[in-house]
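The structure appears right after this line, and notes come after that.
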Amino acid sequence: MELGLTGKRALVLGASRGLGATIAKSLAAEGAQVIAAARNADKIRDWAAAEEGQIDAMQLDLSDVDAIDAALDDILKDGGIDILVNNAGVNRDGMFHKMDLEDWDAVLRVDLGSMFNVTRQVIGGMRDRGFGRIINISSVNAAKGQAGQTNYCAAKAGVEGFTRALARESAQKGITVNAVAPGYADTPMVDSVPDKIIKNILEDVPMSRLAEPQEIGRCVRFLASDDAGFITGATLPVNGGLNMG
C-alpha cells in the first residue's frame, strides 16, 4: 500500500543507532529521502551504506545552537524538509536530591531544547508549502514518572506539551504534529540497564517483553504517511500496556 512517502525529504535526529536508526530505515523503505543526523555521523555511515542511497548521514551536535543553525542552513539550501523526527535524547539519571545543575541542564538542553532549535528552522518552509509532518519522540515515563529521572521525565513531558501546542498553531497550514511515547525497547540504551532492573520493569509490562525497535519505527512511519493526515496533537503510546492512562 502506498503511504505517500515517496519523494518526501525527512530529517531524523539522534539516528546513529537504536530507535533513530530504525526510524530512518523505516522511512527510507517507503521511498523517503532521509537525512540521518547524529553527533557521530560515522556510526550512521556504517549502516546507511546498505540503504541504496536513500539515507545520507549528517554530523550534528544538538547541544550546540550555532552548529545546528549552520547545518540546517546548508540542508535547506537544497530543498525543504517534509518530515521531521525529533528523536534526540540523553540520560543523566540520578535521584533528584543528589542531582546537580549540569545533569539537569544537559538533559533539558538536548531532549527538549534541541527540538525547539531544529523545528524552528524547518517549520517556516512547511508553512509556506502547506505540508509537513513533525513527529516527536517522547517516553512512557513522561506520563508514568520514574524514580531517578526527574530531568528526563520533565523533558519528555515538555515534548508532549510542545507537541500539542504546535499542533494547534500548525493545523491550518497542512502540518501535523504528533508524538510517539515508547516504553522500554530493545535498544543499546536499554542494554546498559542492569538485568535486575529490566526484570523488575518487565514484571510491570502486561506483554512481558521489550518493544522491538521496528515496532516504534512503524508507528513513526504511519504518522508520517497520508493515512495519518487527520491526526494531530496526539501522543501514541507504544509501551506494551506499561502505562494505560
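Below, the figures for the structure above:
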{"item": "Straight-distance crosslink candidates among aspartates and glutamates, where the alpha carbon sits under 15 Å from Lys196 and sequence neighbours closer than 8 are dropped", "result": "Asp204"}
{"item": "Cα gyration tensor shape of region 157-245, rounded if a/c is under 1.5, else prolate or oblate by comparing a/b with b/c", "result": "prolate"}
{"item": "Phi to ³J(HN,Hα) by Karplus 6.51 cos²θ - 1.76 cosθ + 1.60 over region 72-80, Hz, x for Gly, Pro", "result": "6, 4, 5, 4, 6, 5, 8, x, x"}
{"item": "5 angstrom amide H check on Thr235, placed H, neighbours 5+ away", "result": "Ala179"}
{"item": "Listed residues Asp100, Asp82, Asp69, most fluctuating in the chain (Gaussian network, C-alpha, under 10 Å)", "result": "Asp100"}
{"item": "About the Cα centre, charge dipole magnitude for region 108-193 (Lys/Arg +1, Asp/Glu -1 at Cβ), debye", "result": "380 debye"}
{"item": "Taking the chain and dividing mean pair separation by its residue count, relative contact order in percent (alpha carbons under 8 Å, at least six apart)", "result": "20 percent"}
{"item": "Nearby lysines by direct alpha-carbon distance to Lys199 (threshold 29 angstrom, same-chain neighbours under 8 apart not counted)", "result": "Lys98, Lys144, Lys156"}
{"item": "Prolate/oblate/rounded label for the chain (Cα gyration tensor, a/c 1.5)", "result": "rounded"}
{"item": "Debye, to nearest 20: dipole size of region 41-159, +1 on Lys, Arg Cβ, -1 on Asp, Glu Cβ", "result": "660 debye"}
{"item": "Region 168-219-region 120-146 distance, computed between alpha-carbon centres (Å)", "result": "16 Å"}
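Any read-out appearing in this document is the output of simple, stated calculations on the displayed coordinates, not a laboratory observation. Computed from a prediction, not measured in an experiment: that's the story for all the values here. FYI the Cβ positions are ideal-geometry reconstructions off the backbone, even for glycines, and counts take in every protein chain you see.
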